[in-house]
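The values are calculated or read from the model by the stated rules, or taken from the named source; none is laboratory data. Keep in mind the model is a prediction, meaning the values are calculated, not measured. Methodologically, a virtual Cβ is constructed for each residue, glycine included, from the backbone with ideal geometry; neighbour enumeration extends over all protein chains shown.
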Amino acid sequence: MKLVHRGTSGRLPTSNFDLVDDAGEVLGFAQLRLRPSCNADLPPEAGNNIYYEISEAYRGRGHGKALLRLVLNEVRRIGLPHVRLTVKDDNPTSRHIVEGAGGILVGEFMARTGELYRLFEIALGPAGSAGGDR
Ligand SMILES: CC(C)(COP(=O)(O)OP(=O)(O)OC[C@H]1O[C@@H](n2cnc3c(N)ncnc32)[C@H](O)[C@@H]1OP(=O)(O)O)[C@@H](O)C(=O)NCCC(=O)NCCS
């Protein structure tokens with residue numbers, strides 16, 4: 001299983017990655033924004049750096065955890081000291097993954113759509129330390 005960098009572009013800028021298994025199958029993808037941002041439904045303070053997703057057919061097999069861990073390794077490599085992610089209230093699976101990767105709750109935001117989002121921050125240490133390498 002590996003992370004394949006599909007490119008970096010945009011104003012922020014944003015790097016796009018695919019999670020690819022040994023057979024070359026794409027299991028999911030992730031976006032890493034070097035500067036936090038969020039969509040217009042949320043206030044700017046809810047800005048976040050990472051979105052990650054596993055294709056429906058491959059969920060529940062540990063790939064989400066693996067994907068976030070690989071992206072955090074990439075964050076470490078780039079040298080960002082911490083990253084933020086937002087997790088919707090109705091997504092306990094992602095909350096579990098993010099907290100397991102060292103995510104600390106730093107804020108709660110009600111979107112204009114009425115949905116509650118929680119903002120988590122993960123501090124990155126050297127490879128092997130706490131913060132996503134578990
Ligand atoms: C969130 C998502 C990436 C998870 O991917 P996944 O491959 O199914 O996740 P994994 O199999 O690696 O891990 C699931 C973990 O959540 C746990 N989990 C599952 N359902 C849960 C629930 N209702 N409450 C708490 N934890 C739950 C599992 O037990 C497992 O943890 P464990 O290994 O410690 O037991 C996937 O559901 C997805 O792509 N969703 C749509 C996009 C999305 O929500 N992205 C995240 C944006 S913040």
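The table for this structure:
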{"quantity": "Selection count where residues are closer than 19 Å to Ile104 by Cα and either modelled with pLDDT under 95 or not in a helix (DSSP H, G or I) (or both), scope the stretch 47-64", "calculated": "6"}
{"quantity": "Flag for Asn91 being within 11 Å of the ligand (Cβ to nearest atom) and in contact (Cβ under 8 Å) with a residue 60 or more places away in the chain", "calculated": "no"}
{"quantity": "Residues (more than 16 Å from Leu85 (Cβ to Cβ) and without any contact (Cβ under 8 Å) to a residue 40 or more places away in the chain) located in the stretch 17-37", "calculated": "Asp18, Val20, Asp21, Asp22, Ala23, Gly24, Glu25, Val26"}
{"quantity": "Boolean, Gly79 is loosely packed, with under 14 Cβ neighbours inside 10 Å and small (Gly, Ala, Ser)", "calculated": "yes"}
{"quantity": "Residue count for the stretch 38-51, restricted to those that are surrounded by 13 or more Cβ atoms within 10 Å (Cβ to Cβ), more than 18 Å from Ile78 (Cα to Cα) and touching a Lys or Arg at 6+ places or on another chain (Cβ under 9 Å)", "calculated": "4"}
